[in-house]
Amino acid sequence: GGGPVDDRRPGPRGRPVRNMALGRNYIDTYHRAGSVSLELPWVLGKDDAGVIEPVVTGVDWLNPADRVAGCTAPLGAYSTERVLPADRLVKLPDGIDDRIAAAMMLKGLTVQYLFRHTFPLKGGETILFHAAAGGVGLIACHWASARGRTALGPVRSVATRPRARWYGVTPSIR
């Protein structure tokens, strides 16, 4: 689906990215429903992972063929190519699949913001995280347990308990 929708020439800080995977997030439903006003024309999506295309200079830490992901760039991830601000991209290590990167960027940044800015974890805390088996919940509980915290979280069904436990929810409660 889609095609090149952003034919602007990248400025000195922009990079053309060929999308390899995209992530979907709940905010996409607001955009589709018109709950969030957007200036027309627009293409849905903020979360994507792709490959830097050769073109401009001025961004010394990104090179053609580098794999990158982003989630805070302008809308347009539901396309095959777009120009993105270089300062909104994260270079991907070889061990991270494009689909995983596109799916987890916003969720991971949300957890980073929560645990480093909103309520910094200092050590020894027990946290209760709602929707522990969801995207943000799994990353948050895994992060907290990897740092020696106890993560409690309600899960919707018995079927999701093993996954929540694997990611560090102790114990998962219903």
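Summing +1 for each Lys or Arg and -1 for each Asp or Glu among the other residues whose beta-carbon sits under 13 angstrom from that of Thr126 gives +2.
Run the numbers for Lys91 and Ala146: contour at 0.36 nm per residue of separation, minus the present Cα-Cα distance, in nm.
17.5 nm
Per residue, the chain reaches -7000 deg cm²/dmol at 222 nm when only DSSP H runs of four or more residues are counted, each adding -39500 (n - 2.57). Straight Cα distances below 22 angstrom link Lys91 to the lysines Lys46, Lys107, with same-chain residues fewer than 8 positions distant left out. Here is the list for segment 54-118: chymotrypsin sites (Phe, Trp or Tyr not before Pro) lying in DSSP coil, each with at most 14 other C-beta atoms within 10 angstrom of its C-beta, are Trp61.
Springs between Cα atoms under 10 Å define the GNM used for the chain, and in it the highest mean-square fluctuation of Ala65, Ala86, Ala164 occurs at Ala65. Give me the number: length gained by fully extending Tyr30 to Asp60, i.e. 0.36 nm times residue separation minus the C-alpha to C-alpha distance, one decimal in nm. Contour length minus the Cα-Cα distance gives 7.2 nm. Normalised radius of gyration for the chain, please: alpha carbon Rg relative to 2.2 N^0.38 Å, two decimal places. Compared with the compact-globule rule of thumb, the chain sits at 1.17. Percent of C-alpha pairs per 5 Å bin in segment 127-174, short distances first: 5, 32, 40, 18, 4, 1. Given their separation in residues at 0.36 nm each and the Cα-Cα distance between them, His117 and His130 gain 2.8 nm when the chain is fully extended.
So, with +1 on the Cβ of K and R and -1 on the Cβ of D and E, and no other charges, what is the size of the charge dipole of the chain about its Cα centre, to the nearest 20 debye?
780 debye
Each value in this text was obtained by applying a stated rule to the coordinates, not by laboratory testing. Computed from a predicted model, the values in this text were never measured in an experiment. Note that we place each Cβ from the backbone using ideal geometry, even for glycine, and neighbour counts take in every protein chain shown.
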